[in-house]
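Worksheet: the structure to be examined is printed underneath.
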Amino acid sequence: MEKQPETYFRYPSNLHELDLATLVSMYRDRGIPKKAKPGEYFVCTVSNKLIKEGKWWFGSYYSQAAWNKTLTKGCEGYPLTKVEMNVLGLVFSAENEAPRREYVEQNSGAVSKLAYMIVNDLKEFGFLSLDDQDRLLITPRGEKALQGIAKRITGKKFKPEILKVNQGEIRNPQIERAPKEDNEQADLF
């Protein structure tokens with residue numbers, strides 16, 4: 001019998017297509033339990049079974065058992081993805097001096113606004129701290145979370161080689177902006 005690959009949370013690959021307000025709303029709603037309308041069901045992303053209530057993750061639903069199974073060791077209830085692994089890993093593997101927040105956000109592999117929110121949440125959750133010179137430091141909790149998500153994704157302890165920036169995979173997608181219409185109204189700002 002073949003071993004099933006470990007499940008972990010993933011951000012949709014086309015998040016860059018969303019406007020900022022929608023992205024923020026979706027990010028803030030992740031993990032919120034939602035009930036299906038009467039007579040309707042959701043499908044659990046992990047078990048592929050019908051459920052009446054599930055935790056929401058960017059359009060996907062997880063039963064509580066599947067959600068718990070998808071959380072990684074050391075995450076303390078915080079849903080971790082490859083992006084969080086890259087953020088924590090960039091800070092953890094910094095050799096000479098702690099990296100600046102901007103560098104970490106640009107090399108996280110996510111849209112800049114999403115990376116900004118992720119860094120803020122990782123700080124609020126106690127996985128990262130920020131010094132007075134805007135450099136990020138990893139906490140012992142952050143190291144445990146990093147090792148947990150690295151083990152889940154790669155099957156091994158974290159090594160800097162798995163970072164997107166070290167594999168040449170960094171693409172910094174931008175949120176698309178609507179083209180500005182040419183009108184004759186004066187710009188007041």
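Kindly list the number of the only condition in (1) without any contact (Cβ under 8 Å) to a residue 24 or more places away in the chain; (2) under 30 Å from residue 48 (Cα atoms) that fails for residue 150.
It is condition (1) that residue 150 fails.
Quickly run through segment 63-91 and pick out the residues that are assigned to a loop (DSSP other than H, G, I, E, B), among the small types (Gly, Ala, Ser) and on the phi < 0 side of the Ramachandran plot. Show your work before the answer.
Applying the first criterion (assigned to a loop (DSSP other than H, G, I, E, B)) to segment 63-91 yields 63, 71-81.
Next, from what is left, pick out any that are among the small types (Gly, Ala, Ser): 63, 74, 77.
Scanning segment 63-91 gives a single hit, 63.
Can you name the residue in segment 1-23 that is of a type in the set (S, T, N, Q) and either at pLDDT 95 or above or in a loop (DSSP other than H, G, I, E, B) (or both) and, of all such residues, is least open to solvent (accessible area, probe 1.4 Å)? Working first, answer last.
Initially, segment 1-23 is screened for residues of a type in the set (S, T, N, Q), giving 4, 7, 13-14, 22.
When the remaining residues are screened for being either at pLDDT 95 or above or in a loop (DSSP other than H, G, I, E, B) (or both), the result is 4, 7, 13-14.
Values: 4: 142, 7: 46, 13: 113, 14: 74 Å².
Applying the filter and picking the extreme gives 7.
So if I check each of 26, 85, which one is surrounded by 14 or more Cβ atoms within 10 Å (Cβ to Cβ) and farther than 25 Å from residue 140 by Cα?
Sole residue among the options that is surrounded by 14 or more Cβ atoms within 10 Å (Cβ to Cβ) and farther than 25 Å from residue 140 by Cα: 26.
Going by the conditions given, is residue 41 free of Cβ contacts under 8 Å to residues at least 24 places away in the same chain and not hydrophobic (A, V, I, L, M, F, W, C)?
Numbers: free of Cβ contacts under 8 Å to residues at least 24 places away in the same chain: yes; not hydrophobic (A, V, I, L, M, F, W, C): yes.
Yes: the conditions hold for residue 41.
Does segment 32-62 hold any residues that are part of a loop (DSSP other than H, G, I, E, B) and of a type in the set (A, V, I, L, M), and which are they?
In the first step, residues of segment 32-62 are kept if they are part of a loop (DSSP other than H, G, I, E, B); the result is 32, 36-41, 45-49, 52, 58-59.
Result: 32, 36, 46.
Could you tell me whether residue 41 is closer than 26 Å to residue 121 by Cα and among the hydroxyl-bearing types (Ser, Thr, Tyr)?
On the way: closer than 26 Å to residue 121 by Cα: no; among the hydroxyl-bearing types (Ser, Thr, Tyr): yes.
No: the conditions fail for residue 41.
Does segment 92-102 include one or more residues that are touching a residue at least 24 places away in the same chain (Cβ under 8 Å), part of a helix (DSSP H, G or I) and open to solvent by less than 10 Å² (accessible area, probe 1.4 Å)?
Checked against the condition, which is being touching a residue at least 24 places away in the same chain (Cβ under 8 Å), part of a helix (DSSP H, G or I) and open to solvent by less than 10 Å² (accessible area, probe 1.4 Å), segment 92-102 yields no hits at all.
The values are calculated or read from the model by the stated rules, or taken from the named source; none is laboratory data. For clarity, every value in this text was computed on a predicted model and none was experimentally measured. Glycine gets a Cβ as well: all are built from the backbone with ideal geometry, and neighbour counts include every protein chain shown. With ligands, DNA and RNA removed, areas are computed over all heavy atoms of the protein, side chains included. Shrake-Rupley method; radii C 1.70, N 1.55, O 1.52, S 1.80 Å.
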